[in-house]
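Reviewing the structure listed below.
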4 protein chains.
Amino acid sequence: MNKTYFQNLFQPKLDNPVLVEGLPGFGNVGKITAQLLIKLTKAKLFTELYSPSLPDYVIVNTKGICHPPRYEFYASSTGKPNFIILTGDAQPSLNDIVAHYKLCGEILDFAEECGSKFIITIGGVPMPHPAGEVYVAATSKKLAVETMEKGAALYGGGKIMGATGLLLGIAKSRGWKGTCLLGATTGLKADRKAALSVFKFLTKMLGIDQKQNVKVRGRESVKSKP
Amino acid sequence: MNKTYFQNLFQPKLDNPVLVEGLPGFGNVGKITAQLLIKLTKAKLFTELYSPSLPDYVIVNTKGICHPPRYEFYASSTGKPNFIILTGDAQPSLNDIVAHYKLCGEILDFAEECGSKFIITIGGVPMPHPAGEVYVAATSKKLAVETMEKGAALYGGGKIMGATGLLLGIAKSRGWKGTCLLGATTGLKADRKAALSVFKFLTKMLGIDQKQNVKVRGRESVKSKP
Amino acid sequence: MNKTYFQNLFQPKLDNPVLVEGLPGFGNVGKITAQLLIKLTKAKLFTELYSPSLPDYVIVNTKGICHPPRYEFYASSTGKPNFIILTGDAQPSLNDIVAHYKLCGEILDFAEECGSKFIITIGGVPMPHPAGEVYVAATSKKLAVETMEKGAALYGGGKIMGATGLLLGIAKSRGWKGTCLLGATTGLKADRKAALSVFKFLTKMLGIDQKQNVKVRGRESVKSKP
Amino acid sequence: MNKTYFQNLFQPKLDNPVLVEGLPGFGNVGKITAQLLIKLTKAKLFTELYSPSLPDYVIVNTKGICHPPRYEFYASSTGKPNFIILTGDAQPSLNDIVAHYKLCGEILDFAEECGSKFIITIGGVPMPHPAGEVYVAATSKKLAVETMEKGAALYGGGKIMGATGLLLGIAKSRGWKGTCLLGATTGLKADRKAALSVFKFLTKMLGIDQKQNVKVRGRESVKSKP
């Protein structure tokens, strides 16, 4: 296995989807938020990504079934906006940064083919006494200000580690627009509370009516070719 | 030396061989089990693998003779099933995961050319108070359940590190079937007891009659071209 | 993103520019000195470099705007000598030395295309009790002696880590001439005092009249094509 | 700088030269021994090797002159046998094993072009109470036994780290013959005593008369094309 490959499960119809990234990290804020968004938007797993940049172990689920670490892409085309939600088992090793850059480029290539030009990356930011704060960094001042007007705090003068930072940065250098939302967390364990704060902010920011979505469940109709 | 190379010693006749991996790792459970299986099945060393993914030292044997770290492939075609048994001196460095993925892919390529489509990987799983338990993870629920019915415990909801995990995972993503057996071990030193537990389970699981095998020693006839 | 790319903002007219490197490092002496020199020589940012050899995070500025870590090239063609000043956000990871060599080669290729054949690299050297000393190492004995005659101490019999050392070394092996200036610093925090010592020495060494430069501010005329 | 390059200073006439490796390592035994052998055999520096596998700093000598870390090849064609003596500033980083394998292959390619098919690698082996012992490992039992008959102790059942091990191992896999001599050392600092033990053993083993060599100094005539 020499390179990243995308295993396509079905081909969703997507209209200018927003790429939302929520991978494992501090307090698992990104991954939990992504899972909540997948549930809310009834997004379907449409592509799996395997890569030699991901760790060299296998994941075993609770039934004893294994798979190599992978990224998963979920598509939601029922509401506005459409989404590609990226989550997964693990982030690349710290030892191969060149490979990580390459992987992030491949993900953006893939999302561009699906019509994406806007990214929201989600992570945690370690704080000694977190209290539900959501911080924002963005590809432009305009976007940062707009997000702050909706209640986020400024994440100014720092770094954003891993895929949550790198995807946003490479996306920017390709002309994408995007925002990073960081939930304050002690980071010591999976922090569902921090993820819920980010999730609430995210749905408000995107104008997704959580109730309405629940109501329309019966009428859900994802057009997909298996 | 830029890439992996396979040094072929002879060409065994193999019929749908099961690939069994037992490399150094926790408690050396995998490697010791592989050595026991080689002895039982009178498997012969038929191919050595050298690779720049393996560590950059040489191994010196008790007579002072050196060789670079290598993987060794043993073939057994005397019983049912046939086996390719993979063991070796060392696992790849933690620093080059991309190279490890590549190496595992090359091993599976090689085994496929020999007719393999089923893999059993063997390792140790660290436990504070091991008591001879054998854990199983598999490429499918059916295989996991079948192995548990023979007495293995479920290894659910974790990771399997190194080649023992990665080979199984990549094999699965290529459409192979396979099982991983993990012996409970403190992992602090070579744990022959844990390996014996796994070995007994393995021979029972595969229906290899240990006595019969000992009897047929005189009739052994490995067809090979040197 | 597979390789280094140079994002050109404008094309300065440069006459045999001296390449001055001041990247983050011990006490941030190199970076602070580079910033002072940029200010003094009214150098303009003309090229940004992005590379998978740089760390896999994003930098967020005080306004919440992100960019991937980058190197920046500033050009000054108003005085004598002309300068290309290289500074940036971060140095490459310790884990990919091959990539670091490659990156330094690419930087020298770029500077050669701009007409450079002389390099001054600037860094800090950790000392328990720094007192404003500036140390010198060079590509030749003649250059080392000349710099010592101007007041620098000999940096003899050691190593110079990171880009500050590697750029000088690779430049030498390409036939460039060059000097490394190291400011004594405890290295524990950004050491503006050490940087000022290096900066004063550098301007004296290059015969840049700081006052005159300030005076000519009104007559500044950088010819550039945006 | 993307790959290893050999800077040739002159082309020595060599007849089946023995490649002797003595690089920095435990107690610097290898490097010091190589330096003693260079002196004894009046070997001349004929090639420098630069490589992105070597560390990313520069070496500064006592006069303040820098160069990137390099390997140096010295040739001696005055006595029997002829020698290529490999020494240098540093060993490759632990982080890039694939690159280290490649580098060792390139060194053997180079030595083969010079007519070498026999290698002696020299290093230190850490011991709590070293007493001048010299240990041997070899590419064959015959060579190990012959060396033990001359007084070396068996280095059996271990590993030999770094270039000292890897060069010997890769050489063997190419069909070379060779020996590794390891001087017992605490390894804490440059251990001239341990190196002297190895050096005495080496000259005895090779039948180099130290006195005679000293006498012939006046008649020395290295044929070389600059």
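Is there a residue in the range C:138-156 that is assigned to a helix (DSSP H, G or I) and more than 12 Å from chain D (Cβ to nearest Cβ)?
yes
How about the range A:5-76: which strands (runs of 3 or more DSSP E) wholly inside it have at least 2 residues that are farther than 28 Å from residue A:135 by Cα and of a type in the set (A, V, I, L, M, F, W, C)?
Result: A:44-50, A:57-60.
Being out of contact with any Leu (no Cβ under 6 Å at 6 or more places or on another chain) and within 14 Å of chain C (Cβ to nearest Cβ) is the filter here; which residues of the range A:178-191 pass it? Talk me through it step by step, then tell me what you get.
Going through the range A:178-191, the residues out of contact with any Leu (no Cβ under 6 Å at 6 or more places or on another chain) turn out to be A:181-191.
Hits for the range A:178-191 are A:181, A:182.
Within the range C:143-153, work out how many residues are within 17 Å of residue C:194 (Cα to Cα) and surrounded by 14 or more Cβ atoms within 10 Å (Cβ to Cβ).
Step one: filter the range C:143-153 for residues within 17 Å of residue C:194 (Cα to Cα), giving C:151-153.
With the extra rule that they be surrounded by 14 or more Cβ atoms within 10 Å (Cβ to Cβ), the set shrinks to C:152-153.
Residues in the range C:143-153 being within 17 Å of residue C:194 (Cα to Cα) and surrounded by 14 or more Cβ atoms within 10 Å (Cβ to Cβ): 2 in total.
Restricting to the range A:101-129, name every residue that is open to solvent by less than 10 Å² (accessible area, probe 1.4 Å) and in a loop (DSSP other than H, G, I, E, B).
Passing the criteria: only A:116.
Evaluate the range C:87-96: report whether one residue or more is in a helix (DSSP H, G or I) and not aliphatic (A, V, I, L, M).
no
How many residues does the range D:1-39 hold that are within 26 Å of residue D:189 (Cα to Cα), open to solvent by 20 Å² or more (accessible area, probe 1.4 Å) and hydrophobic (A, V, I, L, M, F, W, C)?
Total meeting the criteria: 3.
Test residue B:221 against the criterion of being open to solvent by 50 Å² or more (accessible area, probe 1.4 Å), modelled with pLDDT under 95 and not charged (D, E, K, R), and give yes or no. Before you say what the answer is, go through the steps one by one.
Values: open to solvent by 50 Å² or more (accessible area, probe 1.4 Å): yes; modelled with pLDDT under 95: yes; not charged (D, E, K, R): yes.
Yes, satisfied.
Can you name the residue in the range C:130-142 that is open to solvent by 10 Å² or more (accessible area, probe 1.4 Å) and touching a residue at least 40 places away in the same chain (Cβ under 8 Å) and, of all such residues, is nearest to residue C:189 (Cα to Cα)?
That would be C:130.
Using the structure shown, decide if residue C:42 is basic (Lys, Arg) and either surrounded by 19 or more Cβ atoms within 10 Å (Cβ to Cβ) or out of contact with any strand residue (DSSP E or B) (no Cβ under 7 Å at 6 or more places or on another chain) (or both).
So residue C:42 fails the test.
Quick check on residue B:72: is it open to solvent by less than 10 Å² (accessible area, probe 1.4 Å), within 30 Å of residue D:95 (Cβ to Cβ) and within 18 Å of the chain's Cα centre (by Cα)?
no
For every residue, the table says whether it meets (1) within 14 Å of chain D (Cβ to nearest Cβ); (2) in contact with a helix residue (DSSP H, G or I) (Cβ under 8 Å, 6 or more places away or on another chain); (3) closer than 19 Å to residue B:169 by Cβ.
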site	(1), (2), (3)
B:33	no, yes, no
B:41	no, yes, no
B:58	yes, yes, no
B:63	yes, yes, no
B:91	yes, yes, yes
B:98	yes, yes, yes
B:117	no, no, yes
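Quick one: which residue in B:23, B:40, B:9, B:36 is over 18 Å from residue B:205 (Cβ atoms) and within 15 Å of the chain's Cα centre (by Cα)?
B:23
Can you tell me which of (1) at pLDDT 95 or above; (2) touching a Pro at 6+ places or on another chain (Cβ under 6 Å) is the one residue B:98 doesn't meet?
Against the list (1) at pLDDT 95 or above; (2) touching a Pro at 6+ places or on another chain (Cβ under 6 Å), residue B:98 comes up short only on (1).
For the list (1) touching a residue at least 40 places away in the same chain (Cβ under 8 Å); (2) in contact with a His (Cβ under 9 Å, 6 or more places away or on another chain), I need the number of the one condition that residue C:56 fails.
It is condition (1) that residue C:56 fails.
How many residues are assigned to a helix (DSSP H, G or I) and in contact with a Ser or Thr (Cβ under 9 Å, 6 or more places away or on another chain) when one looks only at the range C:167-187?
Here the count works out to 5.
What number of residues in the range B:165-193 are open to solvent by 10 Å² or more (accessible area, probe 1.4 Å) and closer than 20 Å to residue B:126 by Cβ?
Within the range B:165-193, residues that are open to solvent by 10 Å² or more (accessible area, probe 1.4 Å) and closer than 20 Å to residue B:126 by Cβ number 8.
In this structure, is residue C:50 of a type in the set (Ser, Thr, Tyr), touching a residue at least 24 places away in the same chain (Cβ under 8 Å), closer than 30 Å to residue A:140 by Cβ and open to solvent by less than 30 Å² (accessible area, probe 1.4 Å)?
Taking the combined requirement at face value, the residue satisfies it.
Give me the pairs: first residue in the range C:156-174 and among the small types (Gly, Ala, Ser), second residue open to solvent by less than 10 Å² (accessible area, probe 1.4 Å) and assigned to a helix (DSSP H, G or I), beta-carbon distance under 7 Å, and six or more apart or on different chains, which are they?
Short answer, once both residue conditions are applied: C:163/C:104; C:171/C:108.
Return the total of residues in the range A:43-56 being farther than 19 Å from residue A:207 by Cα, more than 9 Å from chain B (Cβ to nearest Cβ) and among the aliphatic types (A, V, I, L, M).
2
The values are calculated or read from the model by the stated rules, or taken from the named source; none is laboratory data. The structure displayed is predicted, hence computed values, not measured ones. Neighbour counts run over all protein chains shown; Cβ positions are idealised from the backbone, glycine included. The accessibility values were calculated without ligands, DNA or RNA, using every heavy atom of the protein model including side chains. Shrake-Rupley method; radii C 1.70, N 1.55, O 1.52, S 1.80 Å.
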